[in-house]
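Below is one structure, written out as structure tokens, with a few remarks after it.
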Amino acid sequence: MWAELLPVGRSAASGGYRRFAWNSADAECRAWFEQQARDRGLTYELDRNGNQWAWLGDPHGEGAVVTGSHLDSVPDGGAFDGPLGVVSSFAALDELRARGAEFTKPLAIVNFGDEEGARFGVACIGSRLTAGVLSREAAYELRDADGLRLPDAMEKAGYDPTALGADDERLGRIGAFVELHVEQGRCLTEGQPVGVAGAIWPHGRWRFDFHGEANHAGTTRIEDRRDPMLTYANTVLAARKKAKLAGALATFGKVAVEPNGTNAIASLVRGWLDSRAADERTLTELVAEIERAAAERGDRDGVRVELTRESYTPVVDFDGPLRDRLAKLLDAPVLPTGAGHDAGILASAIPTAMLFVRNPTGVSHSPAEHAEEDDCLAGVAALADVLEDLACQ
């Protein structure tokens, strides 16, 4: 399975992946998922939000145990973030069948769509829609870099977007969701190859619009310029400094410039801030300080600054009894994480938990992302034990 997925959406230039929602690479991944389901005699289903489901047992039964993750990527991302969870889910089912496990509850494997938010700017779109965290109306307004709306992209890819929205009935039939994921850090570098998630830091995305004045780079005096690039650059540095002082994280990883000419002073710079902290108060205060620093520098540069919050996820504490049950079953450490996941989005609606597989480098969202084969197999075995405990009692 891993070998089949490995070349899909991979850039020859960077070695990273460009599996974005509803593009051709995403279509290949979706076709792969459907084939894996059918090869195992599972009931394949596409829900109202474009998420894929593979069911063992009655899809309409109560108390279902669900596992899975996502198959899309960030721009030039690694091979493990998301796909490891999906591949491991199918492998864990194979392991349970080899054990002769007798299921007493329906079991499903899911591929949530557009988890990374690389194309439309909002993470976990598939699970957000399902949980009602993202409304149909808001989803319809999302656009990619080319101005194409999300529903139009879905329709172009052959999917019907008219039914997008909360899926309370589906969530009401799920007793537990467990997501396996490569660790995006290095807490597991010593000891066991598998850990259990405790909580997810609150996090969000904010767009800063720096409005200046376009002008000629070679004829405009320094004192006559209203250059938004200066304000943007200062804001990036301020964000780093203030995040370090707060014990939090702040990253400007995406920028767009207009008119984007080498010999032109920009009229507009857009910068996207990703910020995370251990608690919501710290995160709120940090973003406010970054906004204040941007505005103060903008006044000096003659640049107007606008801030728009594009997405936000509060602190997520995974279901305590389920977390403790898994940690005891696997004799595994409980770890915090600063990364968002579909499991975190669903945690407000159903009991959720996460397993982490050791990442020796701690690198993620990069072609260098890696997990050793033995650790991945340990993850499969752990997930199989968890599913057997939850779905075969």
Take the residues in the stretch 86-107 that are out of contact with any helix residue (DSSP H, G or I) (no Cβ under 6 Å at 6 or more places or on another chain) and surrounded by 21 or more Cβ atoms within 10 Å (Cβ to Cβ), then tell me which one is nearest to Ala25 (Cα to Cα).
-> Val86
When residues of the stretch 10-53 are filtered for being part of a helix (DSSP H, G or I), basic (Lys, Arg) and more than 20 Å from the chain's Cα centre (by Cα), how many remain?
-> 1
Going by the conditions given, is Ser364 within 20 Å of the chain's Cα centre (by Cα), farther than 17 Å from Ser89 by Cα, open to solvent by 50 Å² or more (accessible area, probe 1.4 Å) and among the polar types (S, T, N, Q)?
-> no
Return the residue satisfying two criteria in turn: it lies in the stretch 249-278 and is small (Gly, Ala, Ser) and outside any loop (DSSP other than H, G, I, E, B), and of such residues it is farthest from Ala294 (Cα to Cα).
-> Ala264
Over the stretch 162-192, the set of residues in a loop (DSSP other than H, G, I, E, B), of a type outside the set (Gly, Ala, Ser), at pLDDT 95 or above and within 21 Å of the chain's Cα centre (by Cα) is Leu164, Asp167
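Conditions tested, residue by residue: (1) at pLDDT below 95; (2) part of a helix (DSSP H, G or I); (3) open to solvent by 20 Å² or more (accessible area, probe 1.4 Å); (4) in contact with a Lys or Arg (Cβ under 8 Å, 6 or more places away or on another chain).
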{"position": "Val8", "(1), (2), (3), (4)": "no, no, no, yes"}
{"position": "Pro75", "(1), (2), (3), (4)": "yes, no, yes, yes"}
{"position": "Asp81", "(1), (2), (3), (4)": "yes, no, no, no"}
{"position": "Leu84", "(1), (2), (3), (4)": "no, yes, no, no"}
Are there any pairs, at least 6 apart or on different chains, whose C-beta atoms fall under 7 Å, with the first in the stretch 116-141 and touching a residue at least 40 places away in the same chain (Cβ under 8 Å) and closer than 9 Å to Ile345 by Cβ and the second open to solvent by less than 10 Å² (accessible area, probe 1.4 Å) and not in a loop (DSSP other than H, G, I, E, B), and if so, which?
-> Cys124/Asp342; Ser127/Asp342; Ser127/Leu346; Ala131/Leu346
Restrict the check to the stretch 273-296 and report whether at least one residue is open to solvent by 40 Å² or more (accessible area, probe 1.4 Å), touching an Asp or Glu at 6+ places or on another chain (Cβ under 6 Å), modelled with pLDDT of 95 or more and under 20 Å from Ser311 (Cβ atoms).
-> no
Among what's in the stretch 297-341 and is touching a Ser or Thr at 6+ places or on another chain (Cβ under 6 Å) and at pLDDT 95 or above, pick the residue that is most open to solvent (accessible area, probe 1.4 Å).
-> Arg297
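The values are calculated or read from the model by the stated rules, or taken from the named source; none is laboratory data. Bear in mind the structure is a predicted one, so any value in this text is a computation, not a measurement. No Cβ is skipped: glycine too gets one built from the backbone with ideal geometry, and neighbour counts run over all protein chains shown. Side chains are part of the model used for accessible areas, which takes the heavy atoms of the whole protein and leaves out ligands, DNA and RNA. Shrake-Rupley method; radii C 1.70, N 1.55, O 1.52, S 1.80 Å.
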